[in-house]
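> Sharing a structure, written as structure tokens. Questions coming.
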Amino acid sequence: EPEVTQTPSHQVTQMGQEVILRCVPISNHLYFYWYRQILGQKVEFLVSFYNNEISEKSEIFDDQFSVERPDGSNFTLKIRSTKLEDSAMYFCASDEYNEQFFGPGTRLTVL
Amino acid sequence: GNSVTQMEGPVTLSEEAFLTINCTYTATGYPSLFWYVQYPGEGLQLLLKATKADDKGSNKGFEATYRKETTSFHLEKGSVQVSDSAVYFCALNTYGGATNKLIFGTGTLLAVQP
């Protein structure tokens, strides 16, 4: 069964460093998403992406964040200068017919 | 704005007990409603969904009915198993432009004891 994959599973970085989280959505899906979950809190929407552009972003998704689909398979989330409060689990999802399929997540720890 | 409220956990049950996890929502328009499950160390998996009022979603013995009059989508299972231990998230889908972003509740941890 096709699935969404994410790498790495755990990323540790120093405050101020750039990180890139990678996702491979299901191949025939057209809509892609990033969500995050700070420990003990809700899963929060960050951004949606369709037809090679951002279709919606949340207030969390400020200028420090960017997304890219550099080729036909990968979908990346970049954080330019990480802050302590960026520590969270980041989930990628892709969508077909109003059903989102989630990856296993990347746990980002900012020290 | 749009939001989801679900009962806080953890919920601890014995095997074969009846499960209810409450979920209520606030939304403009007519959202679709979802339950996702997260097993330890895994991602979010869609458990069931309902797209309009009075629809009942069901899967793996779990059920939830879209109640517009009470703005609720409570999750139920008649007889839980140890393997059902997981975190359960209620969510709604809002339509804005070309996106179908999900708005989640806080999640409810279910622990089933043998």
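No value in this document is a laboratory result; all are computed from the given coordinates. Note that this is a predicted model, so its numbers are computed, not measured. Quick reminder, even Gly has a Cβ in these numbers, built from the backbone with ideal geometry, and neighbours come from all protein chains shown.
> Using the crude model of +1 on Lys and Arg Cβ and -1 on Asp and Glu Cβ, and no other charge, please compute the dipole size for chain B relative to its Cα centre, in debye to 20. Provide the component values of the computation, followed by the final result.
Details: 8 positive and 10 negative charges, 84 e Å.
Approximately 400 debye in magnitude.
> List the aspartates and glutamates whose Cα sits under 16 Å from the Cα of B:Lys60, skipping any in the same chain fewer than 8 residues away.
Here the aspartates and glutamates satisfying the reach criterion relative to B:Lys60 are B:Glu15, B:Glu16, B:Glu76, B:Asp84.
> Quick check: net charge around A:Gln11, other residues with Cβ under 15 Å of its Cβ, Lys/Arg +1 and Asp/Glu -1?
Details: positive: A:Arg22, A:Arg36, A:Lys78, A:Arg80, A:Lys83, A:Arg107; negative: A:Glu18, A:Asp86.
Counting the neighbours of A:Gln11, the net charge comes to +4.
> On each of the three principal axes of the Cα atoms of chain B, give max minus min coordinate, whole Å, ordered largest first.
46, 30, 22
> Using the basic label-point model (7 angstrom from Cα toward the beta carbon), what is the B:Gln113 to A:Gln14 distance in nanometres?
4.7 nm
> How are the alpha carbon pair distances in the range B:59-114 distributed across 10 Å bins from zero to the largest one, expressed in percent?
19, 43, 28, 9, 1
> Rounded to whole Å, give me the distance from the Cα center of the range A:35-99 to that of the range B:1-46.
Rounded to whole Å, the Cα centres lie 22 Å apart.
> Taking the Cα centre of the protein assembly as shown as origin, sum charge times position over the Cβ atoms of Lys and Arg (+1) and Asp and Glu (-1), and report the length of that vector in debye to the nearest 20. Mind showing how you got there, number by number?
Values: 17 positive and 26 negative charges, 35 e Å.
Magnitude of the dipole: close to 160 debye.
> Using Cα positions and a limit of under 22 Å, work out the lysines in reach of A:Lys83, with same-chain residues fewer than 8 apart set aside.
A:Lys42, A:Lys57
> Work out the charge dipole of chain B with +1 on the Cβ of Lys and Arg and -1 on the Cβ of Asp and Glu about the Cα centre, then indicate which of B:Ala53, B:Val11, B:Gly105 is farthest towards its positive end.
B:Ala53
> Taking a cut-off of 13 Å between Cα atoms, list the aspartates and glutamates near A:Lys78, but don't count ones fewer than 8 places away on the same chain.
Partners within reach: A:Glu18, A:Asp62, A:Asp63, A:Glu68, A:Asp86.
> Explain nothing, just compute: Karplus ³J(HN,Hα) = 6.51 cos²θ - 1.76 cosθ + 1.60, θ = phi - 60°, for every residue of the range B:83-93 in order, whole Hz, x for Gly and Pro.
Those phi angles translate into 5, 7, 4, 5, 9, 10, 10, 8, 8, 10, 10 Hz.
> Give me the percent of Cα-Cα pairs in the protein assembly as shown that sit more than 20 Å apart, rounded to a whole number.
Considering the protein assembly as shown, 59 percent of its Cα-Cα pairs are separated by more than 20 Å.
> Turning to a different aspect of this structure: Within the range A:68-111, what residues put their amide N at less than 15 Å from the label point 7 Å along the Cα-to-Cβ vector of A:Glu3?
Answer for this model: A:92-94, A:101-106.
> May I pose another question? When the distances between all Cα atoms of the range A:25-111 are binned every 5 Å from zero, what whole-number percent does each bin get?
3, 14, 26, 27, 18, 9, 3, 0
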